[in-house]
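What follows is a set of notes on a single structure, which appears directly below.
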């Protein structure tokens, strides 16, 4: 009987201790899970805002790129490099791997387009100045090739934007 008493006693002690531990840790664990859930929701909301900004800015850049390809000296409201840099930096921190890969491709396409555009703008400006002085027609074969290269680069930017848009839509689907 003494052995039964010891087993029952220890079983009761374990039950009381378990209940006490559960009562103490339950609210702590519940609060921690709630904080993690809120943090995840905030992260998702922040990601959605940055993705929306990214798509807005890159769509505008892609549209402008097609116009610049046709006329490198066109006066357009440019997407400021600082805005693109800010978005690309935020994306590096918050984006999923799929979106990050797409943004890296887009970033390369934007850089390539900007290099081609700067060269074309300088060449076209020189041609216009020559034409104004009566030393040329304002057009040459190099200018035509540059516009064709710009059109190809602009299409690369547009395709990169579309790929990112598809990845973001898939990621944000509930």
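Over the chain, all Cα pairs binned in 10 Å intervals from 0 give whole-percent P(r) values of 9, 25, 18, 13, 10, 7, 6, 5, 3, 2, 1, 0, 0, listed from short to long. Taking other C-beta atoms within 10 Å as the exposure proxy, 58, 19 rank 19, 58 from fewest upward.
Extending 7 Å from the Cα toward the beta-carbon at both residue 24 and residue 173 defines two label points whose distance is 4.9 nm.
Here r is the Cβ-Cβ distance between residue 48 and residue 85 and R0 is 25 Å; the resulting FRET efficiency, rounded to 0.05, is 0.75. Mean sequence separation of contacting Cα pairs (under 8 Å, at least six apart), scaled by the length of the range 57-174, corresponds to a relative contact order of 42 percent. Return the whole-Å distance between the Cα centroid of the range 1-68 and the Cα centroid of the range 118-172. Using only Cα atoms, the two centres lie 49 Å from each other. Exposure proxy for 123, 34, 161: other Cβ atoms within 10 Å of each Cβ, ordered fewest to most, give 34, 123, 161. Footprinting exposure proxy ranking of 107, 139, fewest other C-beta atoms within 10 angstrom first, gives 139, 107. Label-to-label distance for residue 34 and residue 145 is 6.9 nm, based on points extended 7 Å past Cα in the beta-carbon direction.
Ellipticity at 222 nm from helices only: DSSP H runs of n ≥ 4 in the chain, each -39500 (n - 2.57), divided by the residue count, give -32000 deg cm²/dmol. Calculated FRET efficiency, residue 70 to residue 135, Cβ-Cβ distance, R0 = 22 Å: about 0.35 to the nearest 0.05.
Read-outs: derived from the displayed coordinates by stated rules, not from any lab. None of the values given here were measured: they were computed from a predicted structure. Every residue, glycine among them, receives a Cβ derived from its backbone with ideal geometry; neighbour counts consider all protein chains shown.
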